[in-house]
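Everything on this sheet refers to the single structure shown next.
The values are calculated or read from the model by the stated rules, or taken from the named source; none is laboratory data. The structure presented is a predicted model; accordingly, all values stated were derived computationally and were not measured. Neighbour counts are summed over all protein chains in view; Cβ atoms, including those assigned to glycine, are modelled from backbone coordinates with ideal geometry. Areas reflect the complete protein model, heavy atoms only, side chains present, ligands, DNA and RNA absent. Shrake-Rupley method; radii C 1.70, N 1.55, O 1.52, S 1.80 Å.
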Amino acid sequence: MKRFLTGIVMMLSLSAYGQDIDALQADTVADKAVDLQNVTITSRRSGTRRMMGAVNGVMINREELFKAACCNLGESFTTNPSVDVNYSDAATGAKQIKLLGLSGTYVQMLTENLPNFRGAAAPFSLDYVPGPWMNSIQVSKGSSSVRNGYESITGQIDIEYLKPDNDEGVTVNLYGGTLGRLEANADANVHLDDKLSTEVLAHYQDDFGHHDVNDDGFLDQPNVRQWNLQNRWKWKGAHYMFHGGLALVKEKREGGQTHHTAPDVHHLYKIGVETDRYEGYMKHAFIIDPEKGTNIALMGNASMHLLEANYGEKHYSVNQKNAYAQLLFETNFTEHHNLSTGLSLNYDYLTRDDKETTPGAYVQYTYNLNDKVVAMAGIRADHSSRYGTFVTPRFHLKLTPSEIVSLRLSAGKGYRTVHALAENNNLLASGRQLVVDDLEQERAWNYGVSSSFYIPLFDKTLKLNAEYYHTHFSQQAVIDYDSNPNAILITNLDGKSYSNTVQIDATYPIVQGLELTAAWRWNDVKCTYGGELMEKPLTSRYKGLVTASYKTPLGLWQFDATLQLNGGGRMPTPVNGLWDERFKAYEQVSAQITRWFRHFSVYIGGENLTGFRQKKTIINAEDPWSASFDPTMVWGPVHGRMFYAGIRVNIGRL
């Protein structure tokens, strides 16, 4: 606590440096200003906007990301009604995304249109992308485009980092929280000439809290120390562009027991996860005909992910190597017709028995009639060294009969190769035996319909969206807690598995500077466990969300608040009455106040202000060496109220 308070005092003391917002800062906070004969008219840009193409999706920009602390990717969806982020267990700090009611393994993760964070990186990947590094996040729902591969089943999340050719300068972000977390982030851009620029992104995180609020003998969340570094380059000419970079992540997680809870146990149950991750990527674009958008691009990335994990007396290690390359050609051969085609190659190596090489090819045609009718049809064929040849068809249609309404339809198939132990190694923290079958390739169809309305109301515009998605699996790797009380099974689907999701959301500017968003989502997710079709466990049946954001007329102050209502759901079949059959609904409130100055901003806020936390996050914590010990039965928050403060400083040119 002393380290946290010292950091807060240092942050707030910097407020003596300025009182106004200049043009550069105004752009940073995502305001638009037009100077007309000494009169400045300011309008506030929304933090999210609908993507224009046939695919249903939204772009989350920095205005939205600044509404919360947003320390990393996993904490960037606090104000988003579509994406849920939950702890996978109460011991390792692993988190997972849920989209359309299904886990994040069915969401294809991209960094600037390149597939990333596969296999062993999946359990902790949401912590590998610092929030201050992100320029925007694109969230698309459904089967998406075939151009990025065959893996998107419920959607894609594409992260856009800050660019090397952004305005020159250095930005520093410092953050501290009452749960014992300190962060330092920095980004610096240098323009070496009018074509070549470079960028350095740096991040340091130290979670040192050692909190055990419920006094069960286990840390509520692990102590994490992370170093994260990227160097990015960009060269832009008239007919050729290059973008490339290198990245390094080094992380150490320590959790588990803090003291003995049983007199006859003489050693503590400890958890340790050490990660070293190395990445490199490149993009080459050759512009043949700028007027028709004709270009050829070659891009790819490669990564090595080393992980050493200890869960009590269980040990898991992996050295995963992944390489991806894509060659594509795109052109608008007439005003209304676009053709995109290409080749791809993906290589995964985890162990001698868990490796795969998959070359593929795709073609995608888009018809655009003045943005009134947009139809996109694509098909790709891939050949897996493990599963043979398979074909992926996808279709999207957007109709915009007027400026008030638009309608989207989609249908497509997706496939996924399962690396069961690597993707779920955090399940080894459970005392139950982890049993993995010889798994087949996952296959699913996704269908969706969505509509957007822009309704004039009291001289303002009400934005209303409604959507329905259905996902049906013909083959799936099922994580089964129900069939065997002594084991967690990862097995092939034997029966039905599907999800239905309905969502309605609306956004309206109540008064100048005040924007209100309300959303409601209902999930119907079922799967066959042990021959019985059952509700998917640890999944909320519904979610309600209300966000309010107000910025004062001069843009000096900003106030943000979010209320979430998370519906109840089914627990796995109880063993010896150790937990209830269902969990109840709960609410969460978060809020933040930001003060903008000329070259920096200061923010303070709080998360989970209702103080709600799951009372029993670890089953049988008093006997961690038994088969009934289980920290994976997590459905709600693992910690209570948390307050934080931070500062963003724009130092200017080097």
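Compute the accessible area per residue over region 117-233, keeping the other protein chains in place, probe 1.4 Å, unit Å². Intermediate values should be presented prior to the final figure.
Details: 3400 Å² over 117 residues.
Using a 1.4 Å probe on heavy atoms only, each residue of region 117-233 averages 29 Å².
Please compute the net charge surrounding Tyr362, taking Lys and Arg as +1 and Asp and Glu as -1 over other residues with Cβ under 12 Å from its Cβ. It would help to have the intermediate numbers written out before the result.
On the way: positive: Arg147, Arg380, Arg394; negative: Glu330, Asp382.
In short, +1.
Under 1.5 on a/c is rounded, so check that first for region 133-194, then, if it is not, pick prolate when a/b is larger than b/c and oblate when it is not; a ≥ b ≥ c are the square roots of the alpha carbon gyration tensor eigenvalues.
Oblate, because a/c is 1.5 or more while a/b does not exceed b/c.
Please tell me the relative contact order of the chain in percent, rounded to the nearest whole number, where contacts are Cα pairs under 8 Å and at least six residues apart.
Values: 1799 pairs, mean separation 83.2, N = 654.
Averaging sequence separation for qualifying contacts and normalising by length gives 13 percent for the chain.
To the nearest 10 Å², what's Trp596's accessible area with a 1.4 Å probe?
My reading of the accessible area for Trp596 is about 0 Å².
Identify the trypsin sites (Lys or Arg not before Pro) of region 311-406 meeting these criteria: DSSP loop state and at most 13 other C-beta atoms within 10 Å of the C-beta.
Numbers: sites: Lys314, Lys321, Arg352, Lys355, Lys372, Arg380, Arg386, Arg394, Lys398; in loops: Arg352, Lys372, Arg386.
The qualifying sites are Arg352, Lys372, Arg386.
If you restrict to DSSP beta bridges whose two residues both lie in the chain, what percentage is antiparallel, to the nearest 5? The partial results should precede the final answer.
Details: 295 of 304 bridges.
Among the beta bridges of the chain, antiparallel pairing accounts for roughly 95 percent.
Go through region 281-377 and name the chymotrypsin sites (Phe, Trp or Tyr not before Pro) that are in a DSSP coil and have 12 or fewer other Cβ atoms within 10 Å of their Cβ. The partial results should precede the final answer.
Numbers: sites: Tyr281, Phe286, Tyr311, Tyr316, Tyr324, Phe329, Phe333, Tyr347, Tyr349, Tyr362, Tyr365, Tyr367; in loops: Phe333.
Filter output for region 281-377: Phe333.
Shape call for region 522-565 from the C-alpha gyration tensor, a ≥ b ≥ c root eigenvalues: rounded (a/c under 1.5), prolate (a/b greater than b/c) or oblate? Could the numbers behind the result be given before it?
Working: a/c = 6.80, a/b = 5.98, b/c = 1.14.
The shape class here is prolate.
Given just the C-alpha atoms of region 393-532, how large is their convex hull per residue in cubic angstrom?
Numbers: hull volume 21.5 nm³, N = 140.
Cα convex hull per residue, to the nearest whole number: 154 Å³.
Not counting the cut sites, what is the longest span of the chain without GluC sites (Glu not before Pro) that DSSP labels loop and that have at most 10 other Cβ atoms within 10 Å? Walk me through the numbers before you get to the answer.
Numbers: sites that count: Glu313, Glu335, Glu403, Glu581.
Here the longest segment lacking exposed loop sites spans 1-312.
Would you mind checking which residues have amide H under 5 Å from Asp89's amide H? H placed 1.01 Å from N; only 5 or more apart, or other chain.
Under 5 Å from the amide H of Asp89 lie the amide H atoms of Ala94, each far enough along the sequence or on another chain.
Beta carbons within 10 angstrom, averaged per residue: use that to sort the peptides 188-198, 538-548, highest first.
Details: 188-198: 15.0, 538-548: 19.4.
With the highest mean Cβ count within 10 Å placed first, the list reads 538-548, 188-198.
Once you have the Cα-Cα distance between Thr389 and Glu403, take 0.36 nm times their residue separation minus that, and quote the gain in nm to one decimal. Before the final figure, lay out each step's value.
Numbers: separation 14, 0.36 × 14 = 5.04 nm, distance 4.35 nm.
Here the answer is 0.7 nm.
Report the rotationally averaged projected area of region 203-360 based on its alpha-carbon convex hull, in square nanometres. Present the calculation step by step, with values, prior to reporting the outcome.
Details: hull surface 57.6 nm².
If I average the Cα hull's projected area over directions, I get 14.4 nm².
Could you tell me the accessible area of His336 in Å² (1.4 Å probe, neighbours in place), rounded to the nearest ten?
For His336, the solvent-accessible surface is approximately 50 Å².
Which cross-chain or sequence-distant (5 or more) residues have an amide H under 5 Å from the amide H of Phe77, H modelled 1.01 Å from N in plane?
Long-range HN contacts for Phe77: none found.
Between region 270-345 and region 151-221, how far is it from one alpha carbon centroid to the other, in angstrom?
21
Could you look at region 348-437 and say what percent of its accessible area is carbon and sulfur, using a 1.4 Å probe and all protein chains? The partial results should precede the final answer.
Details: 2310 of 3840 Å².
Exposed carbon and sulfur together represent 60 percent of the surface.
With a 1.4 Å probe and all protein chains left in place, how much of the accessible area of region 91-140 comes from carbon and sulfur atoms, in whole percent?
Details: 300 of 720 Å².
Here it works out to 41 percent.
Please go through region 418-499 and write out the trypsin sites (Lys or Arg not before Pro) that DSSP classes as loop and that have at most 13 other C-beta atoms within 10 Å. Kindly include the intermediate steps, with their values, before the conclusion.
On the way: sites: Arg432, Arg443, Lys460, Lys463, Lys496; in loops: Arg432, Lys496.
Answer by residue number: Lys496.
When a/c is below 1.5 the answer is rounded, else prolate if a/b is larger than b/c, else oblate, so apply that to region 85-211 with a ≥ b ≥ c taken from the square roots of the Cα gyration tensor eigenvalues.
On the way: a/c = 2.74, a/b = 1.12, b/c = 2.45.
Oblate, since a/c reaches 1.5 and b/c is not below a/b.
What does the charge dipole of the chain about its Cα centre add up to, to the nearest 20 debye, if the Cβ of each Lys and Arg holds +1 and the Cβ of each Asp and Glu holds -1? Don't skip to the end; give the middle numbers.
On the way: 62 positive and 71 negative charges, 206 e Å.
Dipole size: approximately 1000 debye.
How long are the semi-axes of the equivalent ellipsoid of the chain, defined as square roots of 5 times the Cα gyration tensor eigenvalues? Whole Å, largest first.
Semi-axes (√(5λ), whole Å): 37, 32, 26.
At a probe radius of 1.4 Å, what is the per-residue accessible area of Thr417, in Å² to the nearest 10?
Roll a 1.4 Å probe over it and Thr417 shows about 10 Å².
Please report the Cα spread of region 268-307 along all three principal axes, rounded to whole Å, starting with the longest.
Computed over region 268-307, the largest-to-smallest principal extents equal 67, 13, 7 Å.
First select every other residue whose beta carbon is under 10 angstrom from the beta carbon of Gly640; then total the charges, Lys and Arg +1, Asp and Glu -1. Walk me through the intermediate numbers first.
Values: positive: Arg613, Arg641; negative: Asp220, Glu607.
Once positives and negatives cancel, what remains is 0.
Compute the signed sum of charges (Lys and Arg +1, Asp and Glu -1) over the other residues within less than 15 Å, Cβ to Cβ, of Leu565.
+1
Just to confirm, what accessible area per residue do you get for region 323-477 at 1.4 Å probe, in whole Å²? Display every interim value, and only then the final one.
Working: 7080 Å² over 155 residues.
The answer is 46 Å² per residue.
Where Rh denotes the Kirkwood radius from the mean inverse Cα pair distance, what is Rg over Rh for region 551-595?
Values: Rg = 19.3 Å, Rh = 13.8 Å.
Using Cα coordinates only, the ratio equals 1.40.
Relative to the compact-globule scaling 2.2 N^0.38 Å, provide the ratio for the alpha-carbon radius of gyration of region 371-417.
Details: Rg = 15.4 Å, N = 47, 2.2 N^0.38 = 9.5 Å.
So the Cα radius of gyration is 1.62 times the expected 2.2 N^0.38 Å.
Using only the alpha-carbon atoms of region 587-643, report the extent along each of the three principal axes, biggest first, to the nearest angstrom.
Here the spans come out as 58, 23, 15 Å, largest first.
Which lysines does Lys463 reach when only Cα atoms under 21 Å apart count, and residues fewer than 8 places away in its own chain are ignored?
Lys32, Lys67, Lys141, Lys372, Lys398, Lys543, Lys551
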